[in-house]
Protein chains: 2
Amino acid sequence: MHQTYDAALGINLLHANQAGAEHNRAHLDAWGITCLNIMSSPGAGKTALLERTLAALTADFRIAVIEGDMTTELDADRLRQYGVPVIAINTGRSCHLDSRMVSGGLHRLEHEYNPAEFDLLLVENVGNLVCPAEFEVGEHAKVALLSVTEGEDKPLKYPIMFQEADCLLITKMDLAPYLDVDLERIIANVRQMNTTVKIIPVSAKTGEGLEVWLDWVRSVTKPTGVPA
Amino acid sequence: MHQTYDAALGINLLHANQAGAEHNRAHLDAWGITCLNIMSSPGAGKTALLERTLAALTADFRIAVIEGDMTTELDADRLRQYGVPVIAINTGRSCHLDSRMVSGGLHRLEHEYNPAEFDLLLVENVGNLVCPAEFEVGEHAKVALLSVTEGEDKPLKYPIMFQEADCLLITKMDLAPYLDVDLERIIANVRQMNTTVKIIPVSAKTGEGLEVWLDWVRSVTKPTGVPA
């Protein structure tokens, strides 16, 4: 449903998306909400990370989630168990969230809640290591996940995601002992693409690295609303 | 670089791609080449599978590879070690191969070799569980890979790939003992999307299931050229 190879048209689509993203961010700024856009391949562990994040942070911050999936509310239902508003966006045939879809989600947040009470909006993007990196949705920071099972070469082969990320989580570290994978090589390949990204190896299963991740989230989130 | 939300334009793009795919397939048919389009998320093991496939089948079939990656020839170089022609296509910012790109690859095959000597063309698509499924390239069958590390719910959440696949490999079976994953549940979820797809659990590491896969490839490939 996409990819025109018309460079001019492609640029215009991205420009239109960017304008929408800036509009979303202006709303979020007015409400005092920090927004993180969380992206990865399918199955790298975005939802598991969000489960651990919600379990740890809902006492300190008012959090909402926008959950992007092509179909189903499976992930949204997992996260609703943490007592936070989860706005599910089904993208249909689209392989990524864009600023128009997230704008619709923000309007739902505004309609059903008082958005000024929230501190943090976690946007879980469609599982895709390519396209979501090009479509800003109004986030203040981009978080990318790369599972150790995906291999060392991915930062070189899918450069845009790694160039764009502000924070990179290397996930499923509990599986590293069973793989022929060199963590230092992954990190070196990420650094080729991005010299400043915060890199955190984690395991949602064992808890490894999660405190470092949670501290990073705390560092970018200012509590402005009323804690739940 | 894509996703218009203009349904009419989207359909036209897919129609144009489909026409190109049929043109490619006519060439392949004239040359007596069976073409498989191999697709998965990043890091599900497409290249490892192709390594094992080339090692096993080059004695019986003349094989060529088209290797799609956003950037780099890392995978192409891995496969060149098996002594087959590997045509690398860098897709740049595009998240999938399309029929126009593969047409360019076929022209290179025609220019540098006698294409009528080949029996099998293996097309390794860009790692992406969403978009490649919508863009036919002229293949005779679609092969999808799903790693056990990606989780049981992926067939439900990324339905198009599983609806379109003729053969589905459940990869990295060697890691299954270390995961909370139920193979029967994965298969049941695939069956919800596709009642006829051939499903083969495999491990490129241990060799589990590879003979079943190789037999499937043999069953769809007719040797028409001169073995190498």
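Every read-out reported here was derived from the displayed coordinates using simple, explicitly stated rules and does not represent laboratory data. These numbers come from a predicted model, not from an experiment. Here Cβ is always computed from backbone atoms with ideal geometry, including for glycine, and neighbour counts include all displayed protein chains.
In the protein assembly as shown, helices alone account for a calculated mean residue ellipticity at 222 nm of -12000 deg cm²/dmol, with every DSSP H run of four or more residues adding -39,500 (n - 2.57). If Lys and Arg each add +1 and Asp and Glu each add -1, what is the summed charge of the other residues whose beta carbon sits under 15 Å from the beta carbon of residue A:116? Local charge sum for residue A:116: -3. Using the alpha-carbon positions of segment B:1-122, Rg (one decimal) and Dmax (whole number) come out as 15.2, 49 Å. Distances between equivalent label points of residue A:72 across the copies, with each point positioned 7 Å along Cα→Cβ, amount to 2.9 nm, shortest listed first.
Taken as entire DSSP H runs, the helices of chain A that both span 27 Å or more between Cα atoms along their own long axis and average -0.5 or more on the Kyte-Doolittle scale are A:7-31. With bins 5 Å wide beginning at 0, the percent of Cα pairs of segment A:102-228 falling in each bin runs 2, 9, 18, 19, 19, 14, 9, 6, 3, 1.
Averaging 1/r over every pair of different alpha carbons in the protein assembly as shown and inverting the result gives a Kirkwood radius of 22.6 Å. The distance linking segment A:108-131 with segment B:185-201 is 33 Å (Cα centroid to Cα centroid, whole angstrom).
Using a 7 Å projection from Cα along Cα-to-Cβ, the label point at residue A:182 is separated from the same position in the remaining copies by 4.0 nm, smallest value first. Across all directions, the average flat footprint of the convex hull enclosing the Cα atoms of chain A is 12.1 nm². Other residues within the sphere of radius under 11 Å centred on the Cβ of residue B:201, judged by their own Cβ, net out at -2 (K and R +1, D and E -1).
Tally Lys and Arg at +1 and Asp and Glu at -1 over the other residues with C-beta under 14 Å from the C-beta of residue A:181: what net charge comes out?
-3
Rounded to the nearest 20 debye, the dipole magnitude of segment B:154-208 is 120 debye, with +1 charges on Lys and Arg beta carbons, -1 on Asp and Glu beta carbons, and the Cα centre as origin. Between identical copies, the spacing of residue A:60 label points, each set 7 Å from Cα toward the C-beta atom, reads 6.0 nm from nearest to farthest. Remark: relative contact order (chain B) = 27 percent; criterion is Cα-Cα distance under 8 angstrom and separation of 6 or more residues. Basic side chains Lys and Arg get +1 at the Cβ, acidic Asp and Glu get -1 at the Cβ, and with that the dipole of segment A:7-220 about its Cα centre reaches some 180 debye.
Percent of C-alpha pairs per 10 Å bin in segment B:85-172, short distances first: 14, 45, 30, 10, 1. Out of B:66, B:85, B:48, whose Cα points farthest toward the positive end of the dipole of segment B:21-143 (charges: +1 Lys, Arg; -1 Asp, Glu; placed on Cβ)? Of B:66, B:85, B:48, it is B:48.
In terms of overall dimensions, segment A:135-201 has a Cα radius of gyration and Dmax of 11.8, 38 angstrom.
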